[in-house]
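Let me begin by presenting the structure, written as structure tokens, before commenting on it.
The values are calculated or read from the model by the stated rules, or taken from the named source; none is laboratory data. In this text the structure is predicted, and so the values were computed from the model without any measurement. Methodologically, a virtual Cβ is constructed for each residue, glycine included, from the backbone with ideal geometry; neighbour enumeration extends over all protein chains shown. Calculation scope for accessible area: heavy atoms of the full protein, side chains included, ligands and nucleic acids excluded. Shrake-Rupley method; radii C 1.70, N 1.55, O 1.52, S 1.80 Å.
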Amino acid sequence: MATKLLFREDAYRPSTAATVLGVSERGILLDQSVFYAMGGGQPGDVGVMTLGDGRTIAVTNAVWNDDAKTEVAHVLSPEGLHPAIGDQVELALDWPRRYARMKVHTALHLLSVALPFPVTGGSIGDGEGRLDFDIQDAGLDKDDIAARVNAMIAQAADVTERWITDAELDANPGLVKTMSVKPPRGSGQVRLVEIEGLDLQPCGGTHVRNTEEIGRIAVTQIEKKGKQNRRVRIVLA
């Protein structure tokens, strides 16, 4: 019952019709979805599911239903209202929240360019986010880092995706910046996200089409998280 992942085809698509294929302990399974399933430091999308009779149900999260990450489970608010298998429904994202996450996610890619060190962790929020870096010597300045990221944002670089094979990724291990989160494998291909002239790395998340959409960012905090770990937090300015 694999879910067609519409957010991979078009991250700007805010809604879709769908058919209920099943119900699991994790949520409602649909034939297709615009809801990003939680993973890679990015939260699952939230929004609304509308039933055929016009009644609506809040979707409070989207998670993977299987280890292979082929089925998206839509977590509904516990109000006793649930669709049945075979029902036709409409899905609509909380678009402002998704779009803010897309901006932050793209900005974090640029942060990993401004600080070219191994990434040990990360998190994306609604208008803010952070990356953890394996850096032995701190010596980091918030204003300097923000200036470097904002200079890249101002280049109005296009953001595109393409797919390569697992073998191609193995032949180019330098593409992987993250130490704790590995690119999803198993399907035989890996999705690359490219910020024209600036960055290229495997990523399954959602991003803006052009860096100019991010606006500006500010670095709000640099934290010491261990002898060789520095956490850099950013916010959309």
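What number, rounded to the nearest 500 deg cm²/dmol, is the helix-based mean residue ellipticity at 222 nm of the chain, given -39500 (n - 2.57) per DSSP H run of at least four residues and division by all its residues?
Details: 4 runs with 42 residues, N = 237.
Rounded to the nearest 500, the figure is -5500 deg cm²/dmol.
Would you mind working out the magnitude of the charge dipole of the stretch 56-105 relative to its Cα centre, with +1 at each Lys and Arg C-beta and -1 at each Asp and Glu C-beta, to the nearest 20 Debye? The partial results should precede the final answer.
Working: 5 positive and 7 negative charges, 87 e Å.
Charge dipole, the stretch 56-105, about its Cα centre: 420 debye, nearest 20.
Among Gly215, Val232, Leu200, which residue has its Cα furthest toward the positive end of the charge dipole of the stretch 184-237, with +1 on Lys/Arg Cβ and -1 on Asp/Glu Cβ?
Working it through, the farthest residue towards the positive pole turns out to be Val232.
Does the stretch 1-98 classify as rounded, prolate or oblate by the C-alpha gyration tensor (a ≥ b ≥ c root eigenvalues; a/c under 1.5 gives rounded; else a/b over b/c gives prolate, otherwise oblate)?
rounded
Any idea which of Trp95, Val63, Met49 is furthest toward the positive side of the dipole for the stretch 35-126, if Lys and Arg beta-carbons carry +1 and Asp and Glu beta-carbons -1?
Going by the charge dipole, the pick is Trp95.
Could you give the size of the charge dipole of the stretch 88-132 about its Cα centre, using +1 on the Cβ of each K and R and -1 on the Cβ of each D and E, expressed in debye and rounded to the nearest 20? The partial results should precede the final answer.
Details: 5 positive and 5 negative charges, 20 e Å.
Magnitude of the dipole: close to 100 debye.
Can you report the principal axis dimensions of the chain using only the alpha carbons, biggest first, rounded to whole angstrom?
Over the chain, Cα extents along the principal axes are 58, 40, 35 Å.
Rounded to the nearest 5, what is the percent of antiparallel bridges among the DSSP beta bridges in the chain? Display every interim value, and only then the final one.
On the way: 55 of 58 bridges.
Bridges in the chain are about 95 percent antiparallel.
Solvent-accessible area per residue for the chain at a 1.4 Å probe radius, Å²?
Numbers: 11090 Å² over 237 residues.
For the chain, the per-residue accessible area is 47 Å².
Calculate the dipole size of the chain relative to its Cα centre from +1 charges on Lys and Arg beta carbons and -1 charges on Asp and Glu beta carbons; express the result in debye to the nearest 20.
On the way: 26 positive and 32 negative charges, 123 e Å.
With only Lys, Arg, Asp and Glu charged at Cβ, the dipole is about 580 debye.
Going by alpha carbons, how many degrees (0 to 90, nearest 10) lie between the helix axis of 95-114 and the longest principal axis of the chain?
30
Counting pairs of alpha carbon atoms under 8 Å apart in space and at least six apart in sequence, what relative contact order in percent does the chain give?
Details: 542 pairs, mean separation 44.9, N = 237.
Contact order relative to length: 19 percent.
Which percent, nearest 5, of DSSP beta bridges in the stretch 1-127 are antiparallel? Kindly include the intermediate steps, with their values, before the conclusion.
On the way: 24 of 26 bridges.
Antiparallel bridges: around 90 percent, rounded to the nearest 5.
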